[in-house]
Structure formats: C-alpha cells, structure tokens
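Throughout, read-outs are computed from the coordinates displayed, never taken from laboratory work. The structure presented is a predicted model; accordingly, all values stated were derived computationally and were not measured. Here the Cβ is made from the backbone with ideal geometry for all residues, glycine too, and neighbour counts use every protein chain on show.
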There are 2 protein chains.
Amino acid sequence: MSVSFVDVPKGSDFPLQNLPYGVFSTQSNPGKRLCVAIGNNVLDLSGVAHLYPAQVQEVEMHLPADIGDYTDFYSSIHHATNVGIMFRGKENALMPNWRHIPVGYHGRASSVVVSGTPIRRPLGQTLPVDGQPPVFGACKLFDFELEMAFFVGGPGNKLGERVPVEEAWKNVFGFTIMNDWSARDIQKWEYIPLGPFTAKNLGTTISPWIIPVEALEPFIVNNYAQDPQVLPYLKHDKSFNFDINLLVSLKPEHAEETLICKSNYKYLYWTAMQQIAHHTVTGCNIRPGDLMASGTISGETEDSFGSMLELSWRGTKPVQLNGNLTRKFIEDGDEIIIRGYCERNGLRIGFGECRGKVLPAIPFKK
Amino acid sequence: MSVSFVDVPKGSDFPLQNLPYGVFSTQSNPGKRLCVAIGNNVLDLSGVAHLYPAQVQEVEMHLPADIGDYTDFYSSIHHATNVGIMFRGKENALMPNWRHIPVGYHGRASSVVVSGTPIRRPLGQTLPVDGQPPVFGACKLFDFELEMAFFVGGPGNKLGERVPVEEAWKNVFGFTIMNDWSARDIQKWEYIPLGPFTAKNLGTTISPWIIPVEALEPFIVNNYAQDPQVLPYLKHDKSFNFDINLLVSLKPEHAEETLICKSNYKYLYWTAMQQIAHHTVTGCNIRPGDLMASGTISGETEDSFGSMLELSWRGTKPVQLNGNLTRKFIEDGDEIIIRGYCERNGLRIGFGECRGKVLPAIPFKK
C-alpha cells in the first residue's frame with residue numbers, strides 16, 4: 001500500500017497509482033485549472049498548495065482538454081454484429097469491410113460535454129413509415145452508447161505523413177469514459193450515404209478524468225484475435241488491450257438506479273494503435289487534445305450489450321428495472337451513469353463517473 | 001466608382017465594395033495578423049499604418065480563422081444525381097431522404113489548409129475486385145471537389161437549443177472557396193455504413209479570404225425551387241442564394257492550365273440558412289469560426305460538373321486539356337486552381353484563388 005498525507009478511502013477510483021488529470025473550478029475561484037485526483041480530493045496543479053474535497057458541492061469539473069477534433073470508431077465486433085443482425089439479418093451481419101478497416105467517422109467536437117451536463121431530448125426528422133413523407137418531432141428512440149475514448153498526446157503528425165502502427169501508442173495520452181447519446185429513429189432516416197449527423201451531434205458526455213495509459217499498464221491483456229490477418233499498416237506486436245470493467249446504470253427520475261450492463265474494454269476488436277494508424281494512413285494530421293472514441297463496447301452475452309437498442313433488442317425485449325419498471329429506450333428524467341475500473345491483486349484504478357440526465361424536448365415553435 | 005488612396009486595378013477581386021478578411025504574415029514580421037485586401041494590397045488591421053503588396057513573395061497568407069468544427073454538406077442536386085446515376089443507376093439516383101434533408105456529415109477540422117499548401121497523394125486501403133481481399137497502396141482515383149464554404153459568425157447557440165431557420169442568416173459571416181480533395185477508390189471501400197473518413201481527411205483547401213455576406217448582397221438570386229415542400233423547420237422566405245461564378249482549372253506540372261469546369265453557387269438546392277437550421281435541429285451548438293461547406297457544386301450541363309468523377313464520368317470520358325493532354329483523374333504534379341467572382345453592372349466582387357498541387361505518394365515503409 002502506498003502511504004500519503006492524503007487519506008485514500010478503500011475502493012476509491014483514485015489511488016496514488018492512478019493520478020488522473022482533470023480541469024476544475026470552485027465557487028470562490030471560478031477560474032478553470034488543471035488538477036489531479038487523489039482519493040476524494042482534488043490537487044490544484046496551478047499552485048500545489050491547495051487540496052479540495054472533490055465530492056462536495058463546491059468543486060465543479062470541466063472538460064479535461066480543449067478538444068480539437070473528435071473521432072468515433074466502431075470497434076466492437078459484438079456491437080457491430082448485433083446491429084447488423086437487427087437491420088440486415090444474420091447472414092450479412094458484418095459489413096465486408098469491417099474486419100479489414102477500423103471503421104470510424106468524424107464526430108462533432110463542440111457538443112462534447114463533461115459528466116453531469118443535462119442532455120435535451122432532441123427534435124428531428126424521421127421516417128416512421130417507408131414510402132410516406134417524413135415527419136418532425138421529438139425523438140422516440142433515444143439511446144445511450146457505452147464507449148471509452150482516449151485523448152491524443154505527444155507531438156502529433158504533420159499533414160501528409162502517417163503515424164506508423166508500431167509507434168502509435170506514443171500518441172495515446174489517457175482514457176475517459178464516454179456516453180455517445182444517439183437518436184436511433186433520426187439516425188435511421190439520415191445516415192445514408194454520409195453517416196450519422198444530427199442523430200449524434202446533440203451531445204456526447206465524457207467523464208472528467210483522463211486516466212494516463214501508464215496507470216493502466218498492470219491491466220494490459222492480449223489483443224483481440226483478428227481473423228483474417230490485417231494489412232501490414234495495421235499489424236503490431238505490442239499488447240495494447242486493457243481489462244477495464246464497465247458498468248452502466250439507469251436511474252429513473254423518482255426511483256433508484258438499476259445496473260443494466262456489465263461490459264469490458266477488452267472486448268474491442270481493434271486496438272487504439274490500429275485506430276491511430278488507420279486514422280492517419282492517408283495523411284490526416286492528429287493533434288494533442290484530439291478525442292478518439294471506441295464505439296459502443298458490447299460483449300458476447302446479453303447482459304454486456306452497450307446500448308438500449310441491443311439490451312431491448314430493438315424494443316422487442318423490455319429491460320427490467322428495480323421497482324417493477326421497464327424500459328425499451330430512454331425516457332425523460334432518466335439518468336444514465338457509466339462507471340469504469342480496473343482491479344487486480346488489491347490494486348484498483350477507477351475512472352470516476354460519466355453521467356447525464358435526459359430532459360424533455362423543447363416544444364417546436366417556428 | 002469608389003475613390004481611394006489605394007489604387008485598385010480594373011477587374012480586381014478586391015474592390016472597396018468587397019473588403020475580404022484574411023490572416024497574413026511577412027518575412028520581416030512573421031507574427032500572424034488580421035488584414036483586409038484592397039486591390040493588390042493587404043491592409044494590416046493590427047496597426048492600420050501598414051499596407052503590404054499582396055502579390056509579392058513577402059506576404060504569406062494563413063487560414064483566415066481558427067476552425068472549431070468543419071461540416072460538409074451535399075447540397076447540389078446535380079452532383080448528388082450524377083453520383084447516384086453512376087453508382088446506382090438512373091432510377092434510384094437520388095436517395096429517398098435527399099429532398100427532405102440537407103444531408104451532411106462532420107469533416108476533419110485539423111486538415112483544412114490554406115490555398116497554396118501542397119497535397120500529398122494518399123496511401124490507403126481499397127477493394128479493386130469484389131470478393132477478393134483488399135489491397136494497400138497509393139490512391140489511383142484522386143479527385144478534387146469544387147465547393148464553397150461559409151464561416152459561422154454571430155453568437156452561436158447553446159447545446160440543446162436550435163437556430164430557427166428564419167434567423168439562421170445571422171450566423172453566416174462570410175464565404176470562401178473550397179477544394180475538398182477526395183480519394184474515390186478509398187472512399188468506395190470505407191464509407192459503408194458511417195460515411196467518408198480517410199478518403200476525405202487527407203486535406204481540404206480553402207482560399208485565404210472570407211468575403212463578408214454584406215459584399216454579396218447585390219448578387220442575391222432566388223432560392224432553388226424545392227419540390228416536395230420541406231418541413232416547417234426548414235422553410236424560410238428570405239432569398240439567400242447567390243450568383244457566384246466558379247471556375248476550375250487544371251495545370252499539369254510542365255504545361256499551361258486548362259479551364260475544366262464553369263459552375264455557379266446558385267445551383268445549390270439547399271440554402272446556408274437551411275443547412276444551419278438542420279445542423280442545429282437536434283440541439284448541436286455551433287460556434288464562431290466553424291466552417292460549413294456546400295458539397296460539390298455541379299450545374300446541369302457537362303461543362304459545369306464540379307469533380308473529375310463527373311467530368312470524366314467515372315473515367316469513361318477523358319477530359320481534354322491544352323497541349324493534347326487528357327485526364328481521367330488527377331495526376332502527380334497537377335495543380336487545381338479554383339476561382340470565383342460575382343459581376344453585375346460593372347461591380348466585381350472576387351474571392352481570390354484556392355489552389356493546391358498534388359505531390360506523389362510517399363512509398364510505404366512499415
């Protein structure tokens with residue numbers, strides 16, 4: 001056990017082996033500043049004299065970095081397969097490119113927000129009946145997506161140059177938990193042929209702490225076995241997969257929370273190193289502060305699916321909550337809370353929480 | 001005619017009625033600073049005492065704003081129809097959502113560069129033969145896309161709130177010319193189901209001048225007639241379409257340039273006001289400095305198509321160049337130069353140039 005003048009409660013996300021980075025302010029000093037968490041305290045890095053209790057009202061956490069660009073991958077084979085089965089049937093579940101490319105797309109950086117920020121149910125355009133005109137109104141199939149994301153560190157690369165896959169780990173600074181809120185009905189109508197747009201840019205929540213990769217080294221596990229072999233520009237020997245437990249709870253407005261999903265980062269098919277090598281293969285420059293997300297992380301079993309879409313199997317199997325409640329998708333007032341931690345031989349490295357409550361849609365007025 | 005102590009040559013892009021914004025530096029003073037162009041001169045706004053000749057070696061232009069997020073729309077009906085015919089046949093040319101939604105997607109802000117920046121032919125993954133494994137190598141179908149883009153101005157909106165369509169003009173600060181370089185063979189293999197990614201993030205060139213919307217008011221024309229009627233959140237009365245001539249030239253390395261496309265901004269089906277209203281409909285916040293592009297602007301006639309893909313009809317009709325040269329797609333050493341101007345009753349408002357030369361691919365070394 002490490003000894004420190006700061007008391008670290010047993011089971012804390014933030015022991016001395018973690019030291020995650022964040023940005024905070026206080027009511028008495030509203031200027032945003034860098035900090036690290038130790039147990040329930042926040043160490044102000046701007047003047048290492050101050051130590052604030054992190055669990056009290058006074059400390060407000062902010063986005064831990066200025067995000068230049070935000071990219072979202074689609075790297076869980078179980079998630080991609082589930083979605084494929086639902087929309088295209090079992091035979092064509094995975095797209096032909098999926099095992100060759102760490103498929104991803106550019107997301108919206110402006111709407112990435114820190115844990116605790118309420119999320120408004122969106123209005124938007126949907127096509128309830130094929131062949132009929134589209135309609136406008138509040139999203140009916142509002143969903144979360146359990147993801148993790150890393151912040152890019154290191155020097156980045158110049159436009160026109162690649163980051164070779166074996167060196168890509170140098171650009172992974174640290175990880176956060178992410179909820180990629182998704183409007184399924186809006187997405188379905190808009191996404192062909194250029195991908196998700198307004199269904200995703202309504203808000204993306206991340207936890208306030210960046211856990212440095214160094215703190216995760218004791219929890220490295222084998223990379224997911226890839227078949228067929230990937231092209232050489234994606235091949236690396238280094239193990240860069242992590243055993244990180246991920247838990248999703250849903251808390252209705254006037255009821256207790258229910259654990260609805262137990263997943264793990266290690267189910268990802270593609271590594272962060274492969275994601276970076278692919279992202280830069282055509283010469284795209286990445287910069288410190290860029291955020292790269294995993295895509296929904298689902299495991300093999302039904303209790304490890306990382307979205308309501310999969311947990312309720314497109315609404316056909318309602319999810320049972322405490323207090324005799326059920327959900328097919330997210331209702332107004334529901335709060336989604338994602339937590340993550342690594343644990344081995346008495347060492348626990350936690351990620352804190354990523355939470356967001358869904359507010360009712362604003363009625364349309366032209 | 002306006003009279004000024006600065007001499008404005010006849011036919012200049014930048015008369016006193018234009019006053020476009022840009023960012024420049026000089027060798028003797030490398031700090032980047034705001035300027036406006038008047039004729040062939042650059043007025044340093046940081047100390048209104050200095051006036052620099054803009055056409056000489058000494059002045060270097062930079063990106064005219066810090067781009068927070070970059071969005072690319074797909075708003076030309078002729079372009080969308082051409083691409084649809086080539087890939088899906090005449091009957092299903094336009095996707096069912098196209099006339100209801102100003103389709104768009106999030107692009108990569110980090111790789112937007114200013115006119116004059118060389119562009120490297122990308123390496124990447126393609127699928128030359130269906131059913132066979134993908135291959136890795138230099139892009140074979142490298143293309144330009146003639147676009148225009150506007151910078152967002154005004155206060156922006158808060159996350160969770162919309163910009164009503166009738167007010168959206170307040171968020172359009174001014175326009176630039178854009179070349180959205182595209183790797184067609186890479187795009188074809190990667191884009192399902194999440195849209196273009198590495199095929200587009202290799203570089204996007206914009207002209208260095210932002211032409212304020214106020215300078216374009218004399219050139220406002222009727223909005224494109226939309227059929228069927230759009231949903232109320234996209235309906236506006238204000239005319240917000242512009243008669244802007246757009247010219248694309250291709251200059252092989254050791255030959256003179258050839259004009260290969262004559263198009264016009266006015267061919268766009270969707271207005272910038274509709275683009276903003278749709279972009280924010282689910283609550284996405286937009287910020288000053290965000291860049292929103294039109295998508296490839298093609299007209300009805302073959303000489304107005306805004307990409308090599310369309311001009312050579314997927315490589316089946318080589319484009320004739322001066323000096324007995326031909327092109328199906330862009331070759332190494334080729335420079336693409338896009339120019340734009342409005343002209344009426346002796347008043348000419350120009351956009352300057354958007355140019356970029358294609359360098360050969362860097363050979364692959366793992």
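Worth pointing out:
- Taking a ≥ b ≥ c as the square roots of the eigenvalues of the Cα gyration tensor, the range B:285-366 is classed as oblate, since a/c reaches at least 1.5 and a/b does not exceed b/c.
- Peptide B:108-114 - average C-beta neighbours from other chains (10 Å radius): 5
- Of all DSSP beta bridges in chain B, antiparallel share, percent nearest 5: 90
- 222 nm mean residue ellipticity, helices alone, for chain B (DSSP H n ≥ 4; -39,500 (n - 2.57); rounded to 500): -2500 deg cm²/dmol
- Cross-link pairs beyond the 26 Å C-alpha cut-off, checked among A:Lys200/A:Lys365; A:Lys200/B:Lys32; A:Lys366/B:Lys90; B:Lys32/B:Lys366: A:Lys200/B:Lys32; A:Lys366/B:Lys90; B:Lys32/B:Lys366
- Straight-distance crosslink candidates among lysines, where the alpha carbon sits under 17 Å from A:Lys262 and sequence neighbours closer than 8 are dropped: A:Lys251
- Estimated FRET transfer efficiency when R0 is 35 angstrom, pair A:Glu253-B:Glu167 (beta carbons, to 0.05): 0.60
- Overall shape: prolate for the protein assembly as shown, with the ratio a/c of the largest to smallest alpha carbon gyration tensor axis at 1.5 or above and a/b above b/c.
- Between B:Thr204 and B:Val112, B:Val113, the built amide H atoms are under 5 Å apart, and every one of these is 5 or more places off in sequence or on another chain.
- Trypsin sites (Lys or Arg not before Pro) within the range B:57-151: DSSP coil, no more than 12 neighbouring Cβ in 10 Å: B:Lys90
- Cα-projected label distance for B:Leu347 with B:Asp243, points at 7 Å along beta-carbon direction, nm: 1.2
- Short-range pairs are left out: with C-alpha atoms under 8 Å and at least six residues apart, the relative contact order of chain B is 23 percent.
- The rotation axis taking chain B to chain A passes closest to the C-beta of one chain B residue; that residue and the distance in whole Å read B:Gly195, 1.
- Of the GluC sites (Glu not before Pro) found in the range B:283-366, those in coil by DSSP whose Cβ has at most 14 other Cβ atoms within 10 Å are B:Glu300.
- The shape of the range A:86-169 comes out oblate: with a ≥ b ≥ c from the C-alpha gyration tensor, a/c is at least 1.5 while a/b does not beat b/c.
- Cβ-based net charge around B:Lys328, under 13 Å, with every Lys or Arg adding one and every Asp or Glu removing one: 0
- With label points defined 7 Å past Cα in the direction of Cβ, position B:Leu325 shows copy-to-copy spacings of 6.8 nm, given to one decimal and shortest first.
- For B:Val103, B:Val114, order by how many other beta-carbon atoms lie within 10 Å, fewest first: B:Val114, B:Val103
- The mean sequence distance of close C-alpha pairs (under 8 Å, at least 6 residues apart), as a share of the length of the range B:252-366, puts its relative contact order at 22 percent.
- Label zone at A:Leu94 (point 7 Å along Cα-to-Cβ), backbone N below 17 Å, the range A:260-286: A:266-272, A:274-275
- DSSP-assigned coil residues among GluC sites (Glu not before Pro) in the range A:151-248, each with at most 14 further Cβ atoms within 10 Å: A:Glu161
- For residues of B:66-78, the mean tally of beta carbons on other chains within 10 Å: 3
- Counting charges near A:Asp290 (Lys, Arg +1; Asp, Glu -1) among other residues having Cβ under 11 Å from its Cβ returns a value of 0.
- Cβ crowding within 10 Å, taken as a proxy for footprinting-reagent exposure, orders A:Trp98, B:Trp169 from fewest neighbours to most as B:Trp169, A:Trp98.
- Net charge contributed by nearby residues that have their C-beta within less than 13 Å of A:Val165 (K/R +1, D/E -1): +3
- Shown for A:Glu60: label points 7 Å from Cα along the beta-carbon vector, and their distances to the equivalent points in the other copies, 4.1 nm in ascending order.
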